[in-house]
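See structure below.
The numbers here are math on the coordinates, done by the rules we state, and not lab data. Bear in mind the structure is a predicted one, so any value in this text is a computation, not a measurement. Positions of Cβ are backbone-derived with ideal geometry, glycine not excepted, and every protein chain shown enters the neighbour counts.
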Ligand code: FES
């Protein structure tokens, strides 16, 4: 299912923008001029990542410090048992909006 996030051009560099769609809590993040869409739920104990910190190519959960790749959703800073990767969803920008390819509910 393709979801149109209107006015995505307003998501500035290094901003983390949480939103809900199809029963999922998601994030739109811009880094290096590019938009990324990923789950707003840490793969460790499920904390919201919207309050996390962006680092180079990753988002870091503020609770225990695990970082997830914006590109793949995989843990990048250390191996951690019982920590799942995040879902990441393809995004393309079109006319100031973002078109996000989400899995069907
Ligand atoms: S809940 Fe996010 S790192 Fe533990």
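See the values below:
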{"item": "Estimated FRET transfer efficiency when R0 is 30 angstrom, pair residue 93-residue 53 (beta carbons, to 0.05)", "result": "0.80"}
{"item": "Percent of alpha-carbon pairs separated by more than 25 Å within the chain", "result": "14"}
{"item": "Contour excess over end-to-end distance, with Cα ends at residue 19 and residue 104 and 0.36 nm allotted per residue", "result": "28.9 nm"}
{"item": "Peptide ranges 87-93, 99-105 listed from the most packed, as the mean C-beta count within 10 angstrom indicates", "result": "87-93, 99-105"}
{"item": "Relative contact order %, region 18-93, counting alpha carbon pairs below 8 Å whose residues are six or more apart", "result": "25"}
